[in-house]
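The values are calculated or read from the model by the stated rules, or taken from the named source; none is laboratory data. For clarity, every value in this text was computed on a predicted model and none was experimentally measured. For neighbour counting, all protein chains shown are included, and Cβ atoms are generated from backbone atoms with ideal geometry for every residue, glycine included. All accessible areas refer to the heavy atoms of the entire protein, side chains included, with ligands and DNA or RNA removed. Shrake-Rupley method; radii C 1.70, N 1.55, O 1.52, S 1.80 Å.
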Amino acid sequence: MVKELRVGLLGTKFMGRAHSNAYGQVAKFFETPLVPVLWKACARDEAALVEFAERWGWQHATTDWRELVVDPEVELVDVGTPNHLHAKPALAALAAGKHVACEKPLAGTLEDARAMRDAAADAAGQTFVWFNYRRCPAIATAYRFVREGRLGRIYHVRARYLQNWGGPETPGSWRFRKELAGSGAHGDLNAHSIDLARFLTGDEIAEVHGAVARTFHPERPTEDGGTMKSDVDDALAFLATFESGTLGTFEASRVAGPHENANSIELNGELGSVRFDFENMNVLEFHDAADGPREGGWRRIQCTTANAHPFVANWWPPGHGLGYEHGFVNQVADMLRVLGGEEPEVPLADFADAYETQRVLAAALVAAEERRAVRLSTIE
């Protein structure tokens, strides 16, 4: 008999919708040892919360997160709030013996992230972080290639996450306030890039050699016709080396022209290369150096074939591509496997893992502000 897992959700906006959809879809496509029950949702706006709960199938609703995290019926607490509101409910949920899933970045500050990591190390519950791009079949295929030695020694990692929604007309929100978000495009987008680089290579960043941050639009319009100050980066780029000596470049922007969600990463190694762009998410490009100069070049792999590419067997026939939401469903399936005592093929990020990404985010901010190189050994 499949056991139920009652979930409590904090936050009902963009990520609240993405997570709710994933919990509602997973049992329809995956056989897992646990089945999620959408038990209780929480947000501050009671009227909007009731409508959200009814639309997405949450059985109960509350405006008090403190009530949710100690609810004896709730077994997994999912934190999908703005960055500065991650730590308190996550810590309280762990103290109450719950499992916790948290949106990225792990927290708004390195201090909060460290507290979450330390609490998780001593907690009975398991922790997860929603680095959902790990669950794209093309990225998981690249992960396999690296583990199989198809790239050999990796020389370069090039990561870019480019969006275009942050122009001067974009209304101000918590995402443009450092005290609430921690940073701008950097924490929002480079968090994914850093995670993918660490995940794919199995290597840690040792030093950030330099970073440049730019706030192109220091004032934002507000909904009441006024303006607010924006004190976060609209774009940030940095150069790094990994412990193995691999060279890494990272670029994040919310003002990057035609790019809507261009989350891309390329790895170049002595035996081969891979590259991925989420705007063409079902494709992985692969170069095999053994092909030689006559036949060498990028090989286009359509990662939509069951048994050849991870996660695909649970979805559609070959060539029937997946979309953004499927990464979240794939992640929920693997979270349920872990909580049921199984081990997924593609590793999930927990609080300790996500803390290492947060350290790199912090190092790049120091490098940009102080115009100097920063060794990760100094960021603890």
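Only protein heavy atoms count here; on that basis, with a 1.4 Å probe, Asp231 has an accessible area of about 80 Å². Helices in the chain, meaning DSSP H runs of at least 4 residues, each add -39500 (n - 2.57). Divided by all residues, the mean residue ellipticity at 222 nm is -9500 deg cm²/dmol.
Couplings 3J(HN,Hα) of segment 151-161, computed from phi: 9, x, 5, 8, 8, 10, 10, 10, 10, 9, 10 Hz, in residue order, whole Hz [Karplus 6.51 cos²θ - 1.76 cosθ + 1.60, θ = phi - 60°; x for Gly and Pro]. In order along segment 117-132, phi translates into HN-Hα couplings of 4, 5, 5, 5, 4, 9, 8, 6, x, 8, 10, 9, 10, 7, 8, 5 Hz, rounded to whole numbers, per the Karplus curve 6.51 cos²θ - 1.76 cosθ + 1.60 with θ = phi - 60° and x for Gly and Pro. Assuming charge only on the beta carbon of Lys and Arg (+1) and of Asp and Glu (-1), the dipole of the chain about its Cα centre is about 440 debye to the nearest 20. Cβ under 9 Å from Phe286's Cβ, Phe286 left aside: what net charge do those residues give with Lys, Arg +1 and Asp, Glu -1? With Lys, Arg at +1 and Asp, Glu at -1, the neighbours total +2.
Protein heavy-atom surface of segment 226-380, 1.4 angstrom probe: 48% of the accessible area is carbon and sulfur, with nucleic acids and ligands not counted.
For the chain, what is the number of Lys pairs with C-alpha distance below 17 angstrom, counting only pairs 8 or more positions apart or on separate chains? Close lysine pairs found across the chain: 9. Going by the alpha-carbon gyration tensor, a ≥ b ≥ c the square roots of its eigenvalues, is segment 1-144 rounded (a/c under 1.5) or, if a/c is not under 1.5, prolate (a/b greater than b/c) versus oblate? The shape class here is rounded.
Near Gly184, the amide H atoms lying under 5 Å from its own belong to Asp233; only residues 5 or more places off or on other chains count, and H is placed 1.01 Å from N. I want the local charge near Ala47. Using Cβ-Cβ distances under 15 Å, sum +1 for each Lys or Arg and -1 for each Asp or Glu among the other residues. With Lys, Arg at +1 and Asp, Glu at -1, the neighbours total -1.
Think of each Lys and Arg Cβ as +1 and each Asp and Glu Cβ as -1; about the Cα centre, that makes the dipole of segment 281-380 roughly 360 debye. For segment 51-182, the fraction of 1.4 Å probe accessible surface lying on carbon and sulfur atoms is 47 percent. In the full protein context, the chain carries 44 Å² of accessible surface per residue, based on a 1.4 Å probe and ignoring ligands, DNA and RNA.
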